[in-house]
Amino acid sequence: RDLHSFPTRRSSDLLASYKLWKKGEYSFEIMEAIEKTASTGKLMIEMRVKVFDGDGGEKIVTERLLVETPLKLAHAAQACGIHDKYLAGEIADADFVGKTGRLFLGIEKDKQHKYSDKNVVTDYVVPAAKNASFNLSRQA
């Protein structure tokens, strides 16, 4: 195989992608999603999520959506605009690919100190419902 047949990246870009980002809200794009079986035997969707810092920086985070975390799965579907498929029970891995939105990024610490801390998706930003109105006034 020719070593020049793959895209190269500068060392500074590679280091930036491994650097731990602060907890917060970021934009994302789902690059890849594959239905797999988790070690528990349950189905999951494993995704490669590209996260953007707003200043031109980006990193790839591996995300696993599990049936055991229905709120996060529902939020991911809402953030990606496929909540109707989620509600119908017809959501598939391919439905997520190419979708964009906002997410909450956190930091997972390895309690056994074998691995470095890493960024993880803690949840997805659910867009405000269209035509939703809330009456915040108090009744006297």
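The values are calculated or read from the model by the stated rules, or taken from the named source; none is laboratory data. All of these numbers come straight from a predicted model, not from anything done at the bench. Glycine gets a Cβ as well: all are built from the backbone with ideal geometry, and neighbour counts include every protein chain shown. For accessibility, only protein heavy atoms count, side chains too; no ligands or nucleic acids. Shrake-Rupley method; radii C 1.70, N 1.55, O 1.52, S 1.80 Å.
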Here the residues within region 73-90 that are open to solvent by 40 Å² or more (accessible area, probe 1.4 Å) and either farther than 17 Å from M31 by Cα or in contact with a helix residue (DSSP H, G or I) (Cβ under 8 Å, 6 or more places away or on another chain) (or both) are Q78, H83, D84, K85, Y86, L87, A88, G89, E90
Of those in region 108-127 that are out of contact with any strand residue (DSSP E or B) (no Cβ under 6 Å at 6 or more places or on another chain) and open to solvent by less than 80 Å² (accessible area, probe 1.4 Å), the residue modelled with the lowest pLDDT is D110
Checked pairs for region 45-64, first over 17 Å from G106 (Cα atoms) and without any contact (Cβ under 8 Å) to a residue 60 or more places away in the chain, second assigned to a strand (DSSP E or B) and open to solvent by less than 10 Å² (accessible area, probe 1.4 Å), C-beta under 6 Å and 6 or more apart or across chains, list as I45/L65
Condition set of a type in the set (S, T, Y) and not in a loop (DSSP other than H, G, I, E, B), scope region 18-63, selection most open to solvent (accessible area, probe 1.4 Å): answer is Y18
